[in-house]
Structure formats: structure tokens, C-alpha cells
């Protein structure tokens with residue numbers, strides 16, 4: 001099986017002014033594409049060649065894991081953003097956030113704090129627990145919560161290539177932009193399915 005770079009769910013310039021088309025040209029067009037191409041090279045003729053991406057992430061390690069996880073993480077991240085995003089969640093997801101963090105405002109502050117404090121490259125996730133609660137998790141490099149059996153609701157890419165063209169080293173401004181793009185409909189759908 002050959003993995004393909006999934007299409008973006010919007011045009012390259014659709015996230016402007018928050019995330020530029022230039023950022024997407026590099027982040028999606030170069031970085032994400034490279035992970036896909038490298039994964040295909042690494043799994044050719046191996047036990048992972050015909051596995052679904054999630055199974056590779058659960059079973060592989062080293063370069064195969066890193067590239068498979070980054071393919072999955074990026075595809076998930078693109079869907080967590082929307083040109084019509086932002087605002088606040090509603091319904092069961094909103095209730096879970098309020099139950100876990102007392103308010104959406106406190107959740108947003110904590111997520112932003114963990115994202116800006118993440119040292120080096122990685123991801124910040126909103127995950128669902130078995131008891132209908134939600135939690136924020138950080139992962140380093142290409143790791144993701146699937147490896148620990150988590151139900152993933154939302155993510156923010158905190159690798160420098162996600163923000164450096166637009167915001168240089170200002171993670172705070174990148175997070176401000178992220179909150180204007182969050183696709184709460186996708187996060188809520190992930191919550192309901194999980």
C-alpha cells in the first residue's frame with residue numbers, strides 16, 4: 001500500500017490572515033509531503049507495508065513510527081482548523097470542558113500555557129477519557145496519544161515549521177491565531193464518536 005498526501009480541507013490561502021498560504025506551502029506542501037514519501041520508502045517490503053496507518057503507529061518504532069505518526073498527526077491537524085473556525089464548543093464537548101476545567105476560558109488558558117511551555121518540537125492535544133472527561137496532553141516529536149489508547153479530539157502543532165514563517169519565535173501569537181481557526185465541529189464529532 002502506498003500512502004498519499006491527503007488533500008487539505010480548504011484552499012492554501014483559506015486560513016489567512018491567521019496562517020499564511022506561504023506557511024501552508026511549506027508545512028503541508030513540503031513537510032507533510034516528506035513524511036508521506038519517507039514512510040512509503042521505509043515500509044516498502046516490510047511487515048508494515050499493508051497496514052492501516054493507525055496500526056503502524058501502534059506497532060512500529062524508530063523512523064517508521066516517527067514518519068507514520070507525523071503523517072497521521074498532520075492530517076488530523078489540518079482538519080482541526082477551519083476558515084470558519086474559532087469561538088467556543090457547544091453541546092457535550094462544551095460540558096466536558098467545563099466539568100474538567102471549570103470554564104472554557106480556563107481550559108483555553110491551560111491549553112495555551114501547555115502549548116507555549118512545550119520545549120522543543122511536539123504537539124498539544126485535547127483527549128477524551130473513558131469517563132467523558134477531557135484532558136490536555138503534550139507529546140514530543142511525532143508521538144501522539146493513540147499510542148496510549150486515547151481518543152483524540154483536537155491538536156495544535158507546536159513544531160517551529162507550523163508557525164515560524166508567520167510568527168517567528170512568538171508561540172503566543174501563533175496560539176492566538178490557532179484559537180481563531182479551531183474547528184469545534186470536528187472536535188465535537190470526535191467526542192461524540194469516541
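Below is a table of values for the structure above.
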| quantity | calculated |
| --- | --- |
| Residues of the range 144-161 satisfying the condition of being in contact (Cβ under 8 Å) with a residue 12 or more places away in the chain and assigned to a loop (DSSP other than H, G, I, E, B) | 144, 150, 158, 159 |
| Within the range 1-78, helices (runs of 4 or more DSSP H) holding 3 or more residues that are in contact (Cβ under 8 Å) with a residue 40 or more places away in the chain | 21-26, 53-59 |
| Number of the exception - residue 39 against (1) under 26 Å from residue 3 (Cα atoms); (2) more than 18 Å from the chain's Cα centre (by Cα); (3) surrounded by fewer than 21 Cβ atoms within 10 Å (Cβ to Cβ) | (3) |
| Among the residues listed as 122, 129, the single one being in contact with a strand residue (DSSP E or B) (Cβ under 8 Å, 6 or more places away or on another chain) and modelled with pLDDT under 95 | 129 |
| Members of the range 119-132 found to be surrounded by 18 or more Cβ atoms within 10 Å (Cβ to Cβ) and more than 21 Å from residue 26 (Cα to Cα), listed by number | 125, 126, 127, 128 |
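Yes/no per residue for (1) without any contact (Cβ under 8 Å) to a residue 60 or more places away in the chain; (2) on the phi < 0 side of the Ramachandran plot; (3) surrounded by fewer than 18 Cβ atoms within 10 Å (Cβ to Cβ); (4) over 14 Å from the mean Cα position of the chain (by Cα):
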residue: 91; (1), (2), (3), (4): no, no, yes, yes
residue: 96; (1), (2), (3), (4): no, yes, no, yes
residue: 134; (1), (2), (3), (4): yes, yes, no, yes
residue: 138; (1), (2), (3), (4): yes, yes, yes, no
residue: 165; (1), (2), (3), (4): no, yes, yes, yes
residue: 186; (1), (2), (3), (4): no, yes, no, no
residue: 193; (1), (2), (3), (4): yes, yes, yes, yes
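So that you can scan it fast, the table gives a plain yes or no per residue for (1) over 17 Å from residue 183 (Cβ atoms); (2) in a strand (DSSP E or B); (3) not assigned by TED's automatic domain parsing to the domain that holds residue 28:
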{"residue": "85", "(1), (2), (3)": "no, no, yes"}
{"residue": "106", "(1), (2), (3)": "yes, no, yes"}
{"residue": "111", "(1), (2), (3)": "no, no, yes"}
{"residue": "114", "(1), (2), (3)": "yes, no, yes"}
{"residue": "123", "(1), (2), (3)": "no, yes, yes"}
{"residue": "130", "(1), (2), (3)": "yes, no, yes"}
{"residue": "142", "(1), (2), (3)": "yes, no, yes"}
{"residue": "166", "(1), (2), (3)": "yes, no, yes"}
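The values are calculated or read from the model by the stated rules, or taken from the named source; none is laboratory data. Fair warning: this is a prediction, and the values are worked out from it, not measured in the lab. Positions of Cβ are backbone-derived with ideal geometry, glycine not excepted, and every protein chain shown enters the neighbour counts.
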